[in-house]
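Report on the structure given below.
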Amino acid sequence: MSTTQPGSANHYLDSNPNIEHDRPKTIHEILFTVKGHSASTARTGRYNCGDLTFSGHQRTTVTTALCCLRYARLSYLMKTRTRFLFSICVWFLVFIQACTIVMAQYHYTMDVTISFYLTPLIWNGYITNLQPVEVTPF
């Protein structure tokens, strides 16, 4: 189960005129009802984007960076110094992406931070358990 945060964008922070009506009243509503907002629905109880505590945008960015760092050295036959400079550039771009995600209010800082440590854990589990032998492209 994941915690649902209120939407981070300004247009999701409006006050809810139906707050008393929208509050969950039963245990079932608390655990299983996710009230989200979309442009196509203007119904009562739809005042939350329903952002889960995890940034898929940042997960994709970190996964791409890990793929680049793992396979680019083999594909482009990088030397140690070039690989070091390449990894600095990749992580710099990942950091810039994280900053722009937070500044654009797509996710909270908490979402991006969780993606920064959860994605490498998933990646490490994949590399360790599912693909322990490194495949060379040539």
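Note on segment 63-85: residues that are assigned to a helix (DSSP H, G or I) and either surrounded by fewer than 16 Cβ atoms within 10 Å (Cβ to Cβ) or in contact (Cβ under 8 Å) with a residue 60 or more places away in the chain (or both) total 14. Being modelled with pLDDT under 90 and surrounded by 13 or more Cβ atoms within 10 Å (Cβ to Cβ) is a property that does not hold for LEU93.
The values are calculated or read from the model by the stated rules, or taken from the named source; none is laboratory data. Keep in mind that this is a model prediction, so the values were computed, not measured. All Cβ positions, even for glycine, are placed from backbone atoms using ideal geometry, and neighbour counts span all protein chains on display.
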